[in-house]
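Below: one structure, written as structure tokens.
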Amino acid sequence: MTGKPPYPTARNLLADRSVVVTAAAGTGIGFATARRAAEEGARVMISDIHPRRLSEAADAIEAITGNRPATQLCDVTQQAQVEALRDAALAAFGNLDILINNAGLGGEAAIIEMTDEQWSRVLDITLTSVFRMTRAFLPAMYERGAGVIVNNASVLGWRAQAGQAHYAAAKAGVMAFTRCAAIEAACHGVRINAVAPSIAMHRFLAKVTTPERLESLASQEAFGRAAEVWEIANVIIFLASDLASYMTGEILSVSSQRA
């Protein structure tokens, strides 16, 4: 097992860019991405469905970076709230440079025991939300002739894992949607890519997965450990930055396994 690397030094990769991150409250990839964006000089708006956690996330980012992100409550399954998030971002920033679609819902259920409600809810939050957000934000990006969208997929979009049929199908859908949307958006100067993490450890994940299962998954990684959430966020920041200016329609595996 190898130890985790040191936290990255900011390089001003997103200086003066405006960034919206969905599902950014708590301790997961969304929060880590919002923090890294702020550290890289961006003007950030974070959104989430949980009011208290959203406020606490803004407090934490302000304490770390000295800049408080704007906040907007948003249930990504509700079109009206998605549009309200877009309008709030445009009002706050004047334009939107970068959208990070991070919302998702997991769970474990055997296919023969899975209900229609379980299937539909995972796909609605994990896949259809990416469509709703992209549809809402693209027109303003098209009008400016510039913009970047980064979606959070998963290596389960490629790999088979028992009990994950709904989640894997949703994440495979995110990958396919990313590729198709990228082709549509390219002629408008907009780039759309995705990351596909394997396992990134945070407190919420530990609440919904047994320690034994987490240990088993982490042990399969080449480094013998799960990723830190900021290691996933680093790759999102790269895709959002000008360093990835020729990349669109790509799915980057953020994994030390076999993608």
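None of the figures in this text is laboratory data; all of them are computed from the coordinates on show. Here the structure is a predicted model, which is why all the values come from computation and not from measurement. FYI the Cβ positions are ideal-geometry reconstructions off the backbone, even for glycines, and counts take in every protein chain you see.
With contacts defined as alpha carbon pairs under 8 Å and 6 or more residues apart, what's the relative contact order of the chain in percent?
On the way: 500 pairs, mean separation 51.9, N = 259.
Worked out over the chain, it gives 20 percent.
The Cα atoms of the range 1-126 give a gyration tensor whose axes a ≥ b ≥ c have a/c of 1.5 or more with a/b no greater than b/c, which makes the shape oblate. Is the chain best put as rounded, prolate or oblate by its Cα gyration tensor, with a ≥ b ≥ c the root eigenvalues, rounded for a/c under 1.5, and otherwise prolate when a/b is larger than b/c, oblate when not? Rounded.
From the helices alone, meaning DSSP H stretches of at least four residues, give me the mean residue ellipticity at 222 nm for the chain, per-run term -39500 (n - 2.57), in deg cm²/dmol to the nearest 500.
On the way: 9 runs with 114 residues, N = 259.
Here the helix-only value at 222 nm equals -14000 deg cm²/dmol.
Relative contact order for the range 63-133: what percent, with Cα pairs under 8 Å and sequence separation of 6 or more?
36
Projecting label points 7 angstrom from Cα along Cα→Cβ for E56 and I183 puts them 4.4 nm apart. The stretch between E228 and T128 holds 33.3 nm of extra length on full extension. This uses 0.36 nm per residue minus the Cα-Cα distance. Using 0.36 nm per residue and subtracting the Cα-Cα separation, the extra length available between D75 and A63 on full extension is 1.7 nm. Residues within the reach of a label modelled at R144 (point 7 angstrom out along Cα to beta-carbon, backbone nitrogen below 16 Å), restricted to the range 66-82, are 70.
3J(HN,Hα) along the range 17-32, derived from phi through the Karplus expression 6.51 cos²θ - 1.76 cosθ + 1.60 where θ = phi - 60°, amounts to 7, 9, 9, 10, 10, 8, 6, 9, 7, x, 10, x, 5, x, 5, 4 Hz, with x in place of Gly and Pro.
Working ranking of peptides 29-38, 97-106, 180-189, 167-176 by packing, defined as the average number of other Cβ atoms within 10 Å per residue, highest first, is 29-38, 97-106, 167-176, 180-189.
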